[in-house]
1. Name the residue, out of G738, G665, that is within 27 Å of the chain's Cα centre (by Cα), on the phi > 0 side of the Ramachandran plot and of a type outside the set (S, T, Y).
2. With A672, A586 as the choices, which residue is among the small types (G, A, S), in contact with a strand residue (DSSP E or B) (Cβ under 8 Å, 6 or more places away or on another chain) and either on the phi > 0 side of the Ramachandran plot or at pLDDT 95 or above (or both)?
3. Being under 30 Å from V326 (Cβ atoms), surrounded by 15 or more Cβ atoms within 10 Å (Cβ to Cβ) and not β-branched (V, I, T), is that true of even one residue in the stretch 9-17?
4. Within the stretch 295-322, work out how many residues are in a loop (DSSP other than H, G, I, E, B) and touching a strand residue (DSSP E or B) at 6+ places or on another chain (Cβ under 8 Å).
5. Please specify each residue of the stretch 364-423 satisfying the condition of being closer than 29 Å to E467 by Cβ, away from the ligand (no atom under 16 Å from the Cβ) and assigned to a strand (DSSP E or B).
6. Being touching a helix residue (DSSP H, G or I) at 6+ places or on another chain (Cβ under 6 Å), among the β-branched types (V, I, T), under 27 Å from R635 (Cα atoms) and part of a helix (DSSP H, G or I): is that true of V442 here?
Amino acid sequence: MTVKHLFESMDYGPAPEAAGDALAWITDQGARFGHLIDGAFAAPGQTFETRNPATGEVLAEITQGTPEDVTAAVAAARRAQPKWDKLGGKGRARFLYALARLVQKHSRLLAVLETMDSGKPIREARDIDIPLVARHFYHHAGMAQLMEAELPGRTALGVCGQVIPWNFPLLMLAWKVAPALAMGNTVVLKPAEWTPLTALCFADLCQQAGLPKGVVNIVTGDSATGAAVVAAEVDKVAFTGSTDVGRKIREATAGRGIALTLELGGKSPYIVFEDADLDSAVEGLVDAIWFNGGQVCCAGSRLLVQEGVAETFHNRLRARMDKLRVGDPLDKSIDVGAIVDPVQKERIAALVDASGGWVYRAACEVPAGCYYPPTLIAGLSPADPLMQEEIFGPVLVSSTFRTPDEAVQMANNTRYGLAASVWSENINTALDVAPKLVAGVVWVNGSNMFDAAAPFGGVRESGFGREGGWEGLSAYTKPAGKRGAMAKPVAPFDGAEAEPQPVDRTAKLYIGGKQARPDGGYAQNIYDKRGKLIGQAPIANRKDVRNAVEAARGASGWAGASAHNRAQVLYYIGENLAARAEEFAAGIDRLTGGKGGKAEVAACVDRFFTYAGWADKFDGRVAQAPIRGLAVALREPCGVIGALCPDEMPLLGLVSLVAPAIALGNRVVAVASEPFPLAATDFTSVLETSDVPGGVVNILTGPQVDLAPVLAAHLDVDAVWSFSPRVDAAKVERASAGNLKRTWIQTTARDWQGAAGEGRAFLEAATEVKTVWVPYGA
Ligand code: NAI
């Protein structure tokens, strides 16, 4: 008998992992769990069951957290925070290291528990989830150790409320808890209702590690408990889950002045070019869409394959699908486990059954119960709901393209922007396409690679904020020191309307590089301190906002201009402003009735030089991931930024926002200082003579209270910055939920005047991190 014969004829023999230890741990805990609050497990309250989706068996009773439970947990976290912070990074590092070691020591228990509670194959829990959890705690033990030296001037936010999903229960916990603790925060975490067990086991590990009480609190329960965590008096909310819930959380946190990061859904493209290594691309696709049964936010769920190889690729893919082994998740040879819950299976089935495409279900054996066959659907129109919506199951949709341009266009035809894969043996094709994909993570000839050192997160409706690496830490720290007082709105000077005054000029809006009359045709008188009319400023309305945004969208070439070229333009603006410094200084003094015009103009010139300096230097880093390849964390412009300028220092307020934004390739729609708008309209003449392409900077004047919500709700605006004391942060943040745009609301004078008014905070707000994984080395 030959080996070949053996391979072909041998029956499959199951190789199940033993569940005994995990079941014993559950029994030891009484199989009824209360919350971890203030360092101890509370008595169970009203409970619900958590089941093993593969067998339907009840694993344990879990407490449904009430708002009172959440309040108690937040209070415990609040009490614990100052001491935890004072322990210093080096003190905290020891605890994070201890947690990493304990996760490693108990990795088998954790992996089995995870598999039993979620239905994911043990191979994945054992080889991917749990090792990454340990890696995350190790990496962040290092971050804590280095914090004082490497992040001077940064401090903890306070208490973080964290809500996580069921697809990577312990890994998502690690992504949230490790950086928070490292930076001196305390946490209240709510695991998903279907998969609470590993979080509770982690609670046990926290006790074993001797973590001070109240530093980690775990409250179990459903969406109502999650909503209570979001509503509680926390300093930050971190959420991973569906885009719909993310939107609700954006609305619920609007105007509260707390930090927020959202890691939401995706419909990530998986692009196969005809010069790809097709067999590798098929294997990569197995990883992309059948990893965790497709229940992965960044699953490569949209296959785009080049027409010339589509038939071959589909044939090989179907053959591979037929060989996938679906079944008992505890079996070490299983490729696709159980769906997390029957509800989710029904949801997947309903979506596929309603599909109008050609459906191919893998010919492999699929056991009865909570399982769903690997499925391929082709022949759908790009607008089909299955092409646009997350299915969150082992279902791949496929379409073909002809040219790289078409591939990019199809890949980006989605409201999401979490991840993308590009497959080509031609380095030119792969590295030409990668930068054009609108996604927070791009894998070249790979998929689903993660690491604690590599930032992960999305753009567009996939959310905002990053997890992992130095970039992820900024979501868990803030500048140290007291913040300045809230700036108060400055009243414009009054004038006697009746008294005829010689009109200096009537300013216009500046849209698409041209002076534009306001749509409504109205303007307002602007007076000096003595009540003399200086001029008139146009009153922009929502139509003007739309025109300005359209012009800004149209100027997308600016993002592609080289950083060197953008720097030249910024230097040129600075130079032209310097040449007219006296005139501008006098204008500002007359407008504001002050004497600071000269210094203000000098500061503006300086800002342009600073950001010209930064334009080609804020460029990202290479992350040291412990797998073959490089994770390159690049800084990309956000896109179109709506900027609401402060009242005071009308030119410096504008320049402080516009200069960093355009230096890094964004386009701006700025709404000028409301009491002193003519400083901005005067400034347009400098822009006109400084080679700034039309549409890169657009300037509106008028009532900020009316214009801000329009900008915040506009689906073609990617970020809104408000430094205006007039703008209602709650309104802006609530309106921003539509396309989940990033918001940056600052209302203290300190944030933009003086040294605090320039630098990294602005550059970070002006960019998104895009992590590109490229093969490198042996
Ligand atoms: P979900 O977004 O409803 O749940 C995620 C977490 O948020 C859970 O802990 C849940 O209890 C909590 N939650 C739910 N409503 C909340 C609220 N109003 N306020 C605060 N917390 C709340 O996701 P679900 O229902 O489990 O899955 C539905 C769909 O969401 C999936 O089919 C999938 O498309 C998507 N999803 C995406 C994930 C991702 O990683 N991007 C993860 C899980 C689900």
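The values are calculated or read from the model by the stated rules, or taken from the named source; none is laboratory data. Just so we're clear, the structure is a prediction, and the values are computed from it rather than from any experiment. When we count neighbours, we look across all protein chains shown, and the Cβ atoms used for this are built from the backbone with ideal geometry, even at glycine.
1. G665
2. The match here is A672.
3. Scanning the stretch 9-17 turns up at least one residue that is under 30 Å from V326 (Cβ atoms), surrounded by 15 or more Cβ atoms within 10 Å (Cβ to Cβ) and not β-branched (V, I, T).
4. Selection size over the stretch 295-322: 4.
5. Correct list: S421, V422, W423.
6. Numbers: touching a helix residue (DSSP H, G or I) at 6+ places or on another chain (Cβ under 6 Å): yes; among the β-branched types (V, I, T): yes; under 27 Å from R635 (Cα atoms): yes; part of a helix (DSSP H, G or I): no.
Criteria not met by V442.
Matching residues to (1) among the aliphatic types (A, V, I, L, M); (2) in a strand (DSSP E or B); (3) surrounded by 20 or more Cβ atoms within 10 Å (Cβ to Cβ):
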residue: I699; (1), (2), (3): yes, yes, yes
residue: V705; (1), (2), (3): yes, no, no
residue: A708; (1), (2), (3): yes, no, yes
residue: L715; (1), (2), (3): yes, no, no
residue: W721; (1), (2), (3): no, yes, yes
residue: A730; (1), (2), (3): yes, no, no
residue: E733; (1), (2), (3): no, no, yes
residue: A755; (1), (2), (3): yes, no, no
residue: F762; (1), (2), (3): no, no, yes
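Residues are listed down the side, and each one gets a yes or a no for (1) closer than 29 Å to P329 by Cβ; (2) buried (at least 24 other Cβ atoms within 10 Å of the Cβ); (3) of a type in the set (F, W, Y):
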residue	(1), (2), (3)
L171	yes, no, no
A180	no, yes, no
L205	yes, no, no
G210	no, no, no
T220	yes, yes, no
D244	yes, no, no
